[in-house]
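Accompanying notes for the structure given below.
The values are calculated or read from the model by the stated rules, or taken from the named source; none is laboratory data. These numbers were taken from a predicted model, which means no experiment stands behind them. As a convention, Cβ positions derive from the backbone with ideal geometry for all residues, glycine included, and neighbour counts pool all protein chains shown. Just the protein is used for accessible areas: all its heavy atoms, side chains included, with ligands, DNA and RNA removed. Shrake-Rupley method; radii C 1.70, N 1.55, O 1.52, S 1.80 Å.
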Amino acid sequence: MRKLEEWELDILKFVEEWLDERNEFFLVSSSGSTGKPKIISISRSQMIESALATADYLNLKEGQSSLLILPAQFIAGKMMIVRALVLGLDFYYLEPKVDILMHIDRGYDFCAAIPLQVQKVLNSNVPEKLDLLSEVIIGGAALANKDIAKLKDFKTHFHATYGMTETITHIAMKPLNDSRTSQSYHCLPGISIDQDSRGCLRIYSQRLPQDFTVTNDRVELINEKEFILLGRADAVINSGGLKIQTEELEELIKENLGLEIMIGYKEDDVLGQKVVLLIEGQAEKFDKQKILAQLQLFLSKNKLPKEILFITLLFKTPNQKINRAQNQEWISKNC
């Protein structure tokens, strides 16, 4: 009998914890993408309610197949296990690698993935592998618009999710490649929303640890069940009085240049904060002047990066999110 790998042991450990009905609470760690990871206690009943809400939204039925390709040490992976156990889904799992969807050889009714896993197979020589999946929820970060455009060619239903560890994964979804495709997220059953004074999303649900959860995500509120995500309130650079939403700027640059990047800042005596473009790769492989000339074609002068830096590999969290805090620290030391 072969020795189980660490990622398999994580699955086994959580299944054993869940099946022990004496365990009413489970400790999970936040991703740490914008700061230090936090340990959060979530109750069994809250996780069950979350699983049922997802099933209701996606019309998942007992006996359908569920594929886990996310690490079981984080909430997204744990909730895929909970959904399978609570809903009576046939449960399958594969190693949580970024290219794993390129290697599937049978169909599955339901799968959760991070954008990089979808992107890898989309841009491979076997994109048709995606049609082996029926319902795919994509979370952890936003899928690039250029990749979303490719999804229309597949019969698979893809959904972007909005949520966090504190909300027991997603509380809202938006379809990415069917007739309902839009910019707005639709709340799952049992969830309602409004805004605080900053224009940030507040989430109300009896299944959440608190009566309501305040986020740092700026939104355009359509109604109490629907919103458009604008970007994080703490991901705004104030440069010469202009407030620049870093995620919007990153998306523009990624679409036009096709590079792995992050937007950060450096304190500046004149501007307050100046925009810094951090590019993944060896500096000698790039021409700064050529990059700047390309940026000038689609960015206004006040949004142009004032400095361009190169880093061999962008810092990422264990579940492959950009670690903004760590990359910003690197910028501050090297700019």
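Taking label positions 7 Å along the Cα-Cβ direction at both ILE228 and ASP90, the computed distance is 4.2 nm, reported to one decimal.
Per-residue packing, averaged as other Cβ atoms within 10 Å, sorts the ranges 300-309, 287-296 into the order 300-309, 287-296, beginning with the highest. What is the angle, in °, between the Cα long axis of helix 75-87 and the longest principal axis of the Cα atoms in the chain? Nearest 10 is fine, range 0 to 90. The angle comes out near 30 degrees.
With unit charges on the beta carbons (Lys and Arg positive, Asp and Glu negative) and the dipole taken about the Cα centre of the chain, which residue among GLN294, CYS187, LEU249 sits farthest to the positive side? Sorting the options by dipole projection puts first GLN294. Bridge orientation summary for the chain: considering DSSP beta bridges with both residues in this region, about 70 percent are antiparallel. Between GLU255 and MET1, the simple label model (points 7 Å from Cα in the Cβ direction) yields a spacing of 5.3 nm. Ligands, DNA and RNA are left out, and with a 1.4 angstrom probe the accessible area of the chain is 50 Å² per residue. Matching the structure-derived semi-axes √(5λ) of the Cα gyration tensor in Å against the labelled list (i) 34, 23, 20; (ii) 42, 21, 19; (iii) 54, 18, 17 gives the label (i). Protection proxy ranking for 45-57, 188-200, using the average of other Cβ atoms within 10 Å per residue and placing the highest first: 45-57, 188-200. Backbone geometry of the range 318-330 corresponds, through the Karplus equation with coefficients 6.51, -1.76 and 1.60 at θ = phi - 60°, to 3J(HN,Hα) couplings of x, 9, 6, 7, 4, 8, 4, 4, 6, 5, 5, 4, 5 Hz, x marking Gly and Pro. Note on LYS38: aspartates and glutamates with a C-alpha under 13 Å away, same-chain residues under 8 apart excluded, are GLU166. Simple rule: put +1 on each Lys or Arg Cβ and -1 on each Asp or Glu Cβ in the chain, find the dipole, and look at VAL121, THR213, LEU230; the Cα lying farthest toward the positive end is LEU230.
Cross-link partners of LYS285 among lysines, defined as those whose alpha carbon lies under 21 angstrom from its own and excluding same-chain residues fewer than eight positions apart: LYS254, LYS306. Heavy-atom surface analysis with a 1.4 Å probe gives the chain a carbon and sulfur content of 49 percent of its accessible area.
Relative to the first principal axis of the alpha-carbon coordinates of the chain, what is the inclination of helix 6-19, with its axis defined by its Cα atoms, in degrees from 0 to 90 and to the nearest 10? The helix 6-19 is inclined about 50 degrees to the chain.
Note on the range 1-155: with charges restricted to the Cβ of Lys and Arg (+1) and Asp and Glu (-1), its dipole about the Cα centre is near 480 debye.
In the elastic network of the chain, a GNM with C-alpha springs shorter than 10 Å, the most mobile of GLU135, GLU248, GLU284 is GLU284.
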